[in-house]
Amino acid sequence: MNAAPTTTESPSLDPKMLEKLSGDPAKRIDEVIAFYRRERRPVELFEALKMKSRMRFGLPMIAPPDESIGMQTPREVEIQRGLEEGLLDACRQAGAMLIEDGKIGEGWMYLRPIGDPALAKRLFANVEITEDNYDEMVHVLLHEGVDLARGFDAVLNQQGTCNSITLYDSAIASRSREDKKIASKCLLNHLYDELDTRVREDFSERAEKNGVDSEKIQLDLKNATLGELVSKHKWILGGGGYHLDTTHLASVVRFSLVLDAPELLEKALQLCQYGRRLPSDFQYPGEEPFVDFYPAHAAFFSALLGKNVDTAVRLFEQRARTVDSVVHGSAAIETYIDLLDRLGRPADALRAAMELFPDDVPLGRVMPEMIEMAGRASEKGDGQIAAELEKFCFDRGDLLGVAAVSELLSPNPR
């Protein structure tokens, strides 16, 4: 790894320093390292630490141009691994110093090869996000994944809801489910708080004119949720108005499908309760199986909260069995399977998948989830599910799946 470019000039050295340095190479390199630490010279510190690491293995501190260290003998393997460990430690120390000194991009260049996300998150947690370092911090926190929640919140605070929704669609939607949960939570909390505040302000201003006495106004402001307010006082949305951009509302509801925490699902459900009372021209149709946008999303969130579960299961099963997957894709099927699995019914979910997935859906795309569902169903006592999945894979000509299922069928399943 080469040293990071730096525009800082080398400091002038005390003419008497050379006389004070030890004549012993091992002691001298320690003195040089201590000097660069005191002077906050991370690039030079990095090089000095590498030199000490080489010296520890009997190598010259600066590698000769024609040096070649193989991996043929145990000693060569030991040297190579030791040099790699020394390099990573040098990266760690130099990167930490750069970040502490506010050099975000350079510091991350040194930290990235280490592969220590906990250290990186801890170091960047101490760096305030400012106008000057905003772009670099968002790149590291959000796009490099060091602290997605903090990075996404920074975008929300700096650029607002609209740009954050665009960012989610362009950069987050294709990432892991866990990453989508983190960003969705940020968006949901942000938009919910904004809408809740605006609705309460509107209610407080207009309630008396709409026949609500002052005592009930105070009680509802204190005790009623957002969903309860708009349900109980239909005049809040009765004049054809709205309290924030309705496209933002629909996007956040859509993103919230990945969430599991009950308190977040409750917020998403309340957004649906608000959305379904909007004027019809502000209720945009969704894609299957959420064409009836707010009612369908409300049914999904409600089921995950333990409300009207059977009704929701019937609704999404009906969409899964009737929506033409050639025209609309397999989203209706996948949503039904996902709902069953998240309701704690992995066997039902897997059997639905084996029955409903079209032949043209590559099994490799869904096999990891199917294996996981089979494992959870087996743990719940379903002794047949793994064998059924094995036969399903074989009938589809998927020997890779057959091999993977064998782990569940072995006497000592994983």
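Please treat every number below as a calculation from the coordinates, not as lab data. Here the structure is a predicted model, which means the values were calculated and not measured. Note that each Cβ is placed from the backbone with ideal geometry, even for glycine, and that neighbours are counted across all protein chains shown.
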Task: Tensor-based shape of the range 128-284 (alpha-carbon gyration tensor, a/c under 1.5 rounded, otherwise prolate or oblate) - done: prolate
TODO: Go from 0 up to the bin containing the longest alpha carbon distance in the range 277-326, width 5 Å each, and give me the % of pairs per bin.
DONE: 5, 20, 25, 22, 17, 10, 1
Open item on the list: Give the separation of the Cα centroids, the range 140-154 to the range 41-56, in Å.
Closed with: 31 Å
Open item on the list: Can you compute the helix-only [θ] at 222 nm over the chain? Use -39500 (n - 2.57) per DSSP H run of at least 4 residues, normalise by all residues, nearest 500 deg cm²/dmol.
Closed with: -20000 deg cm²/dmol
Task: For the range 155-208 and the range 288-323, distance of Cα centres in Å - done: 23 Å
Task: Distance violations [Cα-Cα > 24 Å] among LYS209/LYS267; LYS20/LYS52; LYS185/LYS380; LYS185/LYS307; LYS50/LYS103 - done: LYS209/LYS267; LYS185/LYS380
- [ ] Could you pull out every one of the aspartates and glutamates with an alpha carbon less than 19 Å from that of LYS232, ignoring same-chain neighbours closer than 8 positions?
- [x] ASP196, GLU201, ASP202, GLU205, GLU208, ASP213, GLU215, ASP220, GLU266
TODO: Counting other Cβ atoms within 10 Å, keep those with at most 15, restrict to DSSP loop, and tell me which trypsin sites (Lys or Arg not before Pro) in the range 347-380 are left.
DONE: LYS380
TODO: Express in nm, to one decimal, how much length is gained between PHE394 and LEU244 on full extension, taking 0.36 nm for each residue of separation and deducting their alpha carbon distance.
DONE: 48.8 nm
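Around PHE394, under 15 Å between beta carbons, what's the net of Lys plus Arg minus Asp minus Glu among the other residues?
So the environment of PHE394 carries a net charge of -3.
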Open item on the list: Can you compute the label reach from ARG122? Point 7 Å from Cα along the Cβ direction, backbone N cut-off under 14 Å, restricted to the range 82-114.
Closed with: 92-93, 96-97
Open item on the list: When a/c reaches 1.5 or more, the comparison of a/b and b/c decides; with that in mind, is the chain rounded, prolate or oblate per its Cα gyration tensor?
Closed with: oblate
TODO: Calculate I(q)/I(0) for the range 304-414 by the Debye formula, one identical point scatterer on each C-alpha and no solvent, and give its log10 at q = 0.24 Å⁻¹ to two decimals.
DONE: -1.34
Task: the range 222-285-the range 77-110 distance, computed between alpha-carbon centres (Å) - done: 48 Å
